Structures are given as structure tokens and as C-alpha cells.
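For reference, the structure discussed in these notes is given below.
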């Protein structure tokens, strides 16, 4: 799918309700786990510039995941992206809860690298709340868990 096609599809999805979005994706042959992952990644990348669209793309990603593989990995990615949106909205407590939910899911599926990277985000959220000791512990967990090189 080229950039223009993807942009047009994202605009269409942002302007539809969840059921319509699922039908649109199904008609396009895109009702699959990879689409949920792509929507989540796009929402994360565009959260600051288009927060309302990002919220909707995540809702569509959740629905796609529910209709397809029900992947815990995708569910974790969605939770982490939601954390970013909550943080941008100034809700550090909800951001922390979403990060911790993502971490629990990554831990269950053995996804060590995203789990380790999530501690970087958690460090930021904890520091923003003035919880520096916990932030220090989180950054140490990130350092230990991230691959070298």
C-alpha cells in the first residue's frame, strides 16, 4: 500500500464508526492482525498531531484485534499507545496504568525488548509525578533489559 492510499484509508477510518471501519477494512482485505499493529503504530506516531484520530485508530485496532487473532502482543501495543495519549492529555495516572497493563501483557508473552523499552516511558511518567525513586528503579530495569548494541 503506497503512502497516498494509506493516508486516504486512515482518513476514512477516522471518519467512520467502529462497525463501518471494520466493514471498510474487510472489503479492502485488510481485516487482519497486521492492520491492528499498523493502526497502533500510526496512532502512536501521530498522537501529538492528531489526538482524536489517534484515539479512534486505537479503538479500530482493538476491534480488529478482537476479530482476528486476539493477540496479547497487539493488545499490549495498544495499551502503550493509549498511555501516550493519556500523557499528552495530562493524565499521568492513567498513562501509568496503561503502561503497567502493557508490561503485564508483554511479560506474559515473553516479549522482553518491548517490555524493557516500556520502562523508559514509565520512567518519564513517574518522574512527571515527582516519584523519583520509582523512576530510578524503572530506568534501571530498562537498562538491564535492553539489548546491548
Could you give me the residue pairs with C-beta distances under 6 Å whose first residue belongs to the stretch 12-23 and is surrounded by fewer than 13 Cβ atoms within 10 Å (Cβ to Cβ), whose second residue is part of a helix (DSSP H, G or I) wherever it lies, and which are 6+ apart or on separate chains? none
Matching residues in the stretch 75-90 (without any contact (Cβ under 8 Å) to a residue 24 or more places away in the chain and either touching a helix residue (DSSP H, G or I) at 6+ places or on another chain (Cβ under 9 Å) or crowded, with 21+ Cβ neighbours inside 10 Å (or both)) number 1
Report yes if some residue within the stretch 56-74 is in contact with a helix residue (DSSP H, G or I) (Cβ under 6 Å, 6 or more places away or on another chain), assigned to a loop (DSSP other than H, G, I, E, B) and either farther than 16 Å from residue 102 by Cα or in contact (Cβ under 8 Å) with a residue 40 or more places away in the chain (or both); otherwise report no. yes
Selection count, the stretch 24-46, where residues are surrounded by 13 or more Cβ atoms within 10 Å (Cβ to Cβ) and either farther than 25 Å from residue 86 by Cβ or more than 18 Å from the chain's Cα centre (by Cα) (or both): 7
Candidate set from the stretch 124-135 (those that are touching a helix residue (DSSP H, G or I) at 6+ places or on another chain (Cβ under 8 Å) and surrounded by fewer than 21 Cβ atoms within 10 Å (Cβ to Cβ)); member that is farthest from residue 76 (Cα to Cα): 132
Go through (1) farther than 16 Å from residue 21 by Cβ; (2) assigned to a helix (DSSP H, G or I) one by one and return the number of the condition residue 43 breaks. (1)
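Read the figures in this text as sums done on the coordinates, not as results from a lab. It should be emphasised that the depicted structure is a prediction, and the values quoted were computed from it without experimental measurement. Virtual Cβ from ideal backbone geometry, glycine too; neighbours counted across all protein chains shown.
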